[in-house]
Every structure is written in C-alpha cells, then in structure tokens.
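See below for the structure under consideration.
The values are calculated or read from the model by the stated rules, or taken from the named source; none is laboratory data. Just so you know, these numbers come straight off a predicted model, no measurement behind them. Note that each Cβ is placed from the backbone with ideal geometry, even for glycine, and that neighbours are counted across all protein chains shown.
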Amino acid sequence: MYRSPRFLPALAAVALAAAVGACGSDDSNESATLPTAACDAYSTIGAAMFGDPSGVPDAAVTLASDAPEELREAAVTYGNTFTAAFDGDEAAMESPEFAAAAEQLGAAAYETCDSVEQLEVSGIDFGFEGLPEEVDAGRVAIRFTNDTAAGEQHELVLMQKADGVTETAAELLELPEEELMSKVVPVAVVFADEQGGQSASLVDLQPGSYVAICMIPTGGEGPPHAMNGMIADLEVV
C-alpha cells in the first residue's frame, strides 16, 4: 500500500500521511493499556502496509474488541478505516476522525505494548536524532516526532537489506532506483507532516542489516531529504 514519494509518487499522499500515526501529539490516552491481542492486531495492520493485507479485517475486529473502553471508539475507527483503504478507498484516511484515532492508538501502543526496545526518534532538517546504530531483534516500538525548523514533512522508512547486500545506506542511495529497490525490503514507516507531529509503529524485526531513510522531497519539490543526510544504517542483532 505505502510507497515513498521517490519510488511511486502516484500513490495518494494521504496514505503516507495517515499510515501509522497522527499529525499532532496528544497525551490524553497514554495511560490506557492495550492488551496483548490488541497490540498484535495493531502491529499486523501496520505490517500490511508493505505485505499481505488479507489479515487486516480480522486484525481490525480484534483491535476493536480487545481495546479498553476509553480507546474502543478510536480502535473501531482505526480498523474500519484501514479495512476500507486496503479495499481501495484510500480517501478514507483523510478524515480528522481517523487522524485522532491513529494519534490515540499510537500513543497507547508505544507506551503500553510489550517490546524489546522503545525508540524515540526525531526527524530534523536533515537527519534522525535518537536512532541507535543497533537494536535487539524482536518487537520494537518506534515513536517518531517531526522536529523540523523549516516546515518540512518527515518520515522514517525502515528497509531491511537483502541477503548478501554489503553496501552502506549512503552507498545504496547512489544506485539507480530499480537497483536500490532490488536490494532492500521495506518493513515499517512512521511519518509526521508538521512540526511537533508524532506517529508510532510496532514492528517485528528479524536480525539483519537495515536502512532508515526519508525520501520526502525537500520543500515538496526538491531532492529527497536523504540526499541532504536523512539516511542511516541500523543493525538488528
């Protein structure tokens, strides 16, 4: 479903903007605990952005039924919207109701779902602050904050290098697009479209070498942020 702007710009930008998070931060539901089944469902829906979407309807049902009462409405909205989007109605993600639901669930997932590590990462103009060089394998919670000083949108797309790929992130960026994409597999994305905006993702990471990258065009029309330094290597051990 998701494609970074450099690769398939024809995909609706709203799918990128709303994929796994929200446009602003809200701490009102951070104390609401998501049970294990709801956490798994949230992770499944996020993973479907790059994989098989067939599990999304069942995951949406689980998320809605297992979410605590204070997050029940948000869970229903979130699940229903993703189900509609994977059925072809990506415009469903444009609603403010979906943005609010994603914001609430993202905060709860990051704060309360079990994970081997919690990564608090900021996107700046231009780089990733708080992104370590190495993390443990397993479920990793990523919260991404847009700390732009120039009104830029920012994303963190996490891609696993294919077997045998030895190039660094910077070296991969120099390759032609088709060759680059043959060497990596996207596994997760977090996005924030305005200063102070946040999104969160739960991603199950296998051991291997990964690349974190932002391919949003500078100023909306210029070179990708990665060309300005918004790219990094990550090892999962």
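Tell me which residues, restricted to segment 87-127, are out of contact with any strand residue (DSSP E or B) (no Cβ under 6 Å at 6 or more places or on another chain) and closer than 25 Å to Ala226 by Cβ.
Residues satisfying the conditions are Glu90, Met93, Ile124, Asp125, Phe126, Gly127.
Name the residue, out of Gly164, Gly130, Gly151, that is surrounded by fewer than 21 Cβ atoms within 10 Å (Cβ to Cβ), of a type outside the set (A, V, I, L, M) and under 16 Å from Asn228 (Cα atoms).
So the residue among Gly164, Gly130, Gly151 that is surrounded by fewer than 21 Cβ atoms within 10 Å (Cβ to Cβ), of a type outside the set (A, V, I, L, M) and under 16 Å from Asn228 (Cα atoms) is Gly151.
State yes or no: is Ala92 over 20 Å from Val203 (Cβ atoms), without any contact (Cβ under 8 Å) to a residue 60 or more places away in the chain, touching a helix residue (DSSP H, G or I) at 6+ places or on another chain (Cβ under 8 Å) and not in a loop (DSSP other than H, G, I, E, B)?
Spelling it out, Ala92 is indeed over 20 Å from Val203 (Cβ atoms), without any contact (Cβ under 8 Å) to a residue 60 or more places away in the chain, touching a helix residue (DSSP H, G or I) at 6+ places or on another chain (Cβ under 8 Å) and not in a loop (DSSP other than H, G, I, E, B).
With respect to Ser209, is the statement that it is buried (at least 18 other Cβ atoms within 10 Å of the Cβ), touching a strand residue (DSSP E or B) at 6+ places or on another chain (Cβ under 8 Å) and at pLDDT 95 or above true?
Taking the combined requirement at face value, the residue satisfies it.
Here is a check on your reading of the model: is Gly21 within 16 Å of Gly79 (Cβ to Cβ), at pLDDT below 50 and crowded, with 19+ Cβ neighbours inside 10 Å?
Yes, satisfied.
Mind checking which pairs have a first residue in segment 172-201 that is within 23 Å of Val236 (Cα to Cα) and a second that is polar (S, T, N, Q), Cβ under 6 Å, 6 or more apart or different chains?
Val185/Gln160; Val187/Gln160; Ala188/Ser201; Val190/Ser199; Val190/Ser201; Phe191/Ser199
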